[in-house]
Amino acid sequence: MYPAAITSIETIIVDLPTIRPHKLAMHTMQNQTIVIVRVRCADGIEGLGESTTIGGLAYGNESPESIKANIDAHFAPLLIGQDSANYNAAMHRLERSIKGNTFAKSGIETALLDAQGKRLGLAVSELLGGRLRDTLPVAWTLASGDTGKDIEEAEHMLALRRHRLFKLKIGAGEVDQDLAHVIAIKKALGERASVRVDVNQAWDEAVALRACRVLSDNGIDLIEQPISRNNRAGMARLNAISPAPIMADESIESVEDAFNLAREGAASVFALKIAKNGGPRAVLRTASIAESAGIALYGGTMLEGGIGTLASAHAFITLNKLAWGTELFGPLLLTEDVLSEPLVYRDFELCVPKSPGLGVGLDEDRLAFFRRDKTSTSIQQA
Ligand code: MUC
Ligand code: MG
């Protein structure tokens, strides 16, 4: 038996309240559901990972329930008894037998990296090659669905010095109303903030052609996934004509997607998401494709809690250039988390811990309270 053999893998679905409804083109979030992955090893080390999506099956091919069921039934039997210290071999073993399921793979890869970092006394960023910075700029998404409330929220974030990059979620409503909403917010914030939009695939190409011009003419810096992920040729046409850069998000469901998008010139910015590539190491392969193709990078989120957010952050701080910053604000959208210590956001940036592993622990009482299969009904409030 390996000294650090994997002895058990636990998956826990946790439902957490959000500070307000979060309105996306395909779904309005009233809360967030995260899946925590806990890998226990024979040397007593425990690694934590997270596999989180948005809106059940509204966003991607995996839901919290499918992630849990698939890890329990298909991933765990392949991994139990394997060497947790050789995460490369463990991930290859999964890759050979399990197609897709990048969200679940990301949670597992994160937990193995966390375990190995704790074992060696190294931060995950050091296992990924070494950090080039200690903090990351963080955008905030304005998605209350109300122009006035969004402006108020942005002003509050600027005053707190928490965010000065704002992403507006559009696409659920009528196009001209959406454009008026975005233009009003940009006018109110002026040069004090960068304003970007995320359409979450809601437009067709003809609408997008016109809308991208209007947005660019009105000072919008970046246009994320304006049309369907399946219309790659359309993305390439838009990318060729839109003065504001086009960013691919849903279009990237794997490292291979990233390669095809780069080859076809379908985006000039990539949103990097560990969940959609299969983990922190996998997302760096997508980043390498982008860097080689001259495509700029943005550190994306699936609105993970603290574990997934730090897993992303440890990968992103190893990158040479992250021209568009990140949106690693997931924990700030939650009123409650299950971590022993909250993440530190300061001066518009997220601080990435240097302590071993991810640098985060669980609050077991809170976890027991918020887990869906509740085993405890009371928590000690802080
Ligand atoms: C997405 O599509 O980018 C990221 C930030 C946010 O508000 O929603 C997510 C998903
Ligand atoms: Mg997006």
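The values are calculated or read from the model by the stated rules, or taken from the named source; none is laboratory data. For clarity, every value in this text was computed on a predicted model and none was experimentally measured. Here the Cβ positions follow ideal geometry from the backbone for every residue, glycine too, while neighbour counts run over all protein chains shown.
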How many of the residues in region 207-235 are surrounded by fewer than 16 Cβ atoms within 10 Å (Cβ to Cβ) and either touching a Cys at 6+ places or on another chain (Cβ under 6 Å) or within 25 Å of residue 100 (Cβ to Cβ) (or both)?
2
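One line per residue, one yes/no per condition, for (1) at pLDDT 95 or above; (2) in contact with a Lys or Arg (Cβ under 7 Å, 6 or more places away or on another chain); (3) within 16 Å of ligand 2 (Cβ to nearest atom):
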residue	(1), (2), (3)
153	yes, no, no
177	yes, no, no
187	yes, no, no
195	yes, yes, yes
213	yes, no, no
225	yes, no, yes
Is it true that residue 302 is within 16 Å of ligand 2 (Cβ to nearest atom), in contact with a helix residue (DSSP H, G or I) (Cβ under 6 Å, 6 or more places away or on another chain), assigned by TED's automatic domain parsing to the domain that holds residue 341 and of a type outside the set (Lys, Arg)?
yes
Exactly one of 89, 76 is outside any loop (DSSP other than H, G, I, E, B), under 21 Å from residue 50 (Cβ atoms) and small (Gly, Ala, Ser), and that one is 76
Cβ pairs under 6 Å, 6+ apart or interchain, first in region 32-54 and farther than 14 Å from residue 75 by Cβ, second among the hydroxyl-bearing types (Ser, Thr, Tyr) and buried (at least 24 other Cβ atoms within 10 Å of the Cβ), ordered by first then second residue, are 34/52; 41/84
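I'd like to verify a number: residues in region 258-276 that are within 16 Å of ligand 2 (Cβ to nearest atom) and either without any contact (Cβ under 8 Å) to a residue 12 or more places away in the chain or surrounded by fewer than 21 Cβ atoms within 10 Å (Cβ to Cβ) (or both), how many? Explain how you work it out, then say what you get.
Step one: filter region 258-276 for residues within 16 Å of ligand 2 (Cβ to nearest atom), giving 258, 261, 266-276.
Checking which are either without any contact (Cβ under 8 Å) to a residue 12 or more places away in the chain or surrounded by fewer than 21 Cβ atoms within 10 Å (Cβ to Cβ) (or both) leaves us with 268.
Result for region 258-276: 1.
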Run down 143, 172, 202, 208 and say which single residue is farther than 30 Å from residue 358 by Cα, of a type in the set (Gly, Ala, Ser), within 16 Å of ligand 2 (Cβ to nearest atom) and at pLDDT below 95.
172
For region 61-70, which residues satisfy the criterion of being within 15 Å of ligand 1 (Cβ to nearest atom) and either crowded, with 20+ Cβ neighbours inside 10 Å or within 12 Å of residue 34 (Cα to Cα) (or both)?
62
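Within region 92-133, take every residue that is assigned to a helix (DSSP H, G or I) and β-branched (Val, Ile, Thr) and give me the one that is farthest from residue 3 (Cα to Cα). If you could, list the steps in order and put the result at the bottom.
Initially, region 92-133 is screened for residues assigned to a helix (DSSP H, G or I), giving 92-97, 102-120, 124-127.
If we keep only those that are β-branched (Val, Ile, Thr) as well, we get 102, 108, 110, 124.
On the way: 102: 28, 108: 19, 110: 20, 124: 21 Å.
Across region 92-133, the extreme among qualifying residues is 102.
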Residues of region 158-180 that turn out to be free of Cβ contacts under 8 Å to residues at least 40 places away in the same chain, buried (at least 21 other Cβ atoms within 10 Å of the Cβ) and more than 14 Å from residue 23 (Cα to Cα), as a count
1
Note on residue 358: of the conditions (1) of a type outside the set (S, T, N, Q); (2) modelled with pLDDT under 95; (3) under 21 Å from residue 118 (Cα atoms), unmet is (2)
Determine if region 325-343 includes at least one residue that is among the aliphatic types (A, V, I, L, M), in contact with a Pro (Cβ under 8 Å, 6 or more places away or on another chain) and assigned to a loop (DSSP other than H, G, I, E, B).
yes
For the subset of region 236-255 comprising residues that are without any contact (Cβ under 8 Å) to a residue 40 or more places away in the chain and under 20 Å from the mean Cα position of the chain (by Cα), which member is farthest from residue 207 (Cα to Cα)?
255
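Output the residues belonging to region 134-153 that are in a helix (DSSP H, G or I) and over 21 Å from residue 346 (Cβ atoms).
Pass one, region 134-153, residues in a helix (DSSP H, G or I): 147-153.
Selection gives 147, 148, 149, 150, 151, 152.
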